[in-house]
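One structure is given here, and the rest of the page talks about it.
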Amino acid sequence: METRTTVFYVDDNPKSSQLLTSVLEDCGFRVIAKNDPIEALAICRRTSFDLVLLDFEMPAMSGSKLAQEIKYLVPDVPVVLISGRSTLPSTELAFVDAHFGFGTSLDDLLWTMRILTRPKVVTMHDHPAGQREMTRWADST
């Protein structure tokens, strides 16, 4: 069973993709990398992953448009957009959970990726069966 966080990474620049993939894997992530956003969207429909990392400027489909399409398919998966620009218009970030642009440190990117993929804690309130069991236990004491 795979315990590492799986990152679906899409960047049209093969050299950038290879470099960041290597860094992410060295930091403990499992990376599925694609260079074509159209191909990535097709793969997204049949592959499971914990986080999406997208380049902003790509031919055929921008990273923000791809983020929108992915969020329609898997709304609970966090999307991180990376770009060479320090800021982007809010319209480009509507379907993005985090944006990292020019001047961002690798440590900030990695920290955010880890925070966004942190396991969610399930409480008794979130789990109806568990809540019934807790109520039954409380009534019996």
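The values are calculated or read from the model by the stated rules, or taken from the named source; none is laboratory data. What you see is a predicted model, and the numbers here were worked out from it, not measured in a lab. Backbone-built Cβ (ideal geometry, glycine too); neighbour counts: all protein chains shown.
Residues of segment 38-97 that are of a type in the set (Phe, Trp, Tyr), in a loop (DSSP other than H, G, I, E, B) and out of contact with any Lys or Arg (no Cβ under 6 Å at 6 or more places or on another chain): Phe49, Phe56. Only residues that are under 23 Å from Pro89 (Cα atoms), over 15 Å from the mean Cα position of the chain (by Cα) and of a type outside the set (D, E, K, R) were counted across segment 39-69, and they come to 5. Considering the conditions (1) more than 21 Å from Trp111 (Cβ to Cβ); (2) at pLDDT below 95, Lys65 is excluded by exactly one of them, (2).
Results for (1) farther than 16 Å from Thr117 by Cβ; (2) touching a His at 6+ places or on another chain (Cβ under 6 Å); (3) at pLDDT below 95, shown as yes or no for each residue.
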| site | (1), (2), (3) |
| --- | --- |
| Gln18 | yes, no, no |
| Arg46 | yes, no, yes |
| Ala60 | yes, no, yes |
| Glu69 | yes, no, no |
| Pro78 | no, no, no |
| Ala98 | no, no, no |
| Gly101 | yes, no, yes |
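Just one of the listed residues (Phe49, Phe56) is of a type in the set (Phe, Trp, Tyr), surrounded by 16 or more Cβ atoms within 10 Å (Cβ to Cβ) and over 21 Å from Phe102 (Cα atoms), namely Phe49. Going by what's in this entry, would Glu39 be described as within 19 Å of Thr117 (Cα to Cα), out of contact with any Asp or Glu (no Cβ under 6 Å at 6 or more places or on another chain) and without any contact (Cβ under 8 Å) to a residue 12 or more places away in the chain? It is false that Glu39 is within 19 Å of Thr117 (Cα to Cα), out of contact with any Asp or Glu (no Cβ under 6 Å at 6 or more places or on another chain) and without any contact (Cβ under 8 Å) to a residue 12 or more places away in the chain. Evaluate segment 3-26: report whether one residue or more is in contact (Cβ under 8 Å) with a residue 12 or more places away in the chain, in a loop (DSSP other than H, G, I, E, B), surrounded by fewer than 17 Cβ atoms within 10 Å (Cβ to Cβ) and in contact with a helix residue (DSSP H, G or I) (Cβ under 8 Å, 6 or more places away or on another chain). No, the conditions are met nowhere in segment 3-26. On inspection, Leu88 fails the criterion of being surrounded by 14 or more Cβ atoms within 10 Å (Cβ to Cβ), modelled with pLDDT of 95 or more and hydrophobic (A, V, I, L, M, F, W, C). Annotation: of all residues in segment 59-69 being touching a Leu at 6+ places or on another chain (Cβ under 7 Å) and either without any contact (Cβ under 8 Å) to a residue 40 or more places away in the chain or among the charged types (D, E, K, R) (or both), the one that is surrounded by the most Cβ atoms within 10 Å (Cβ to Cβ) is Ala67.
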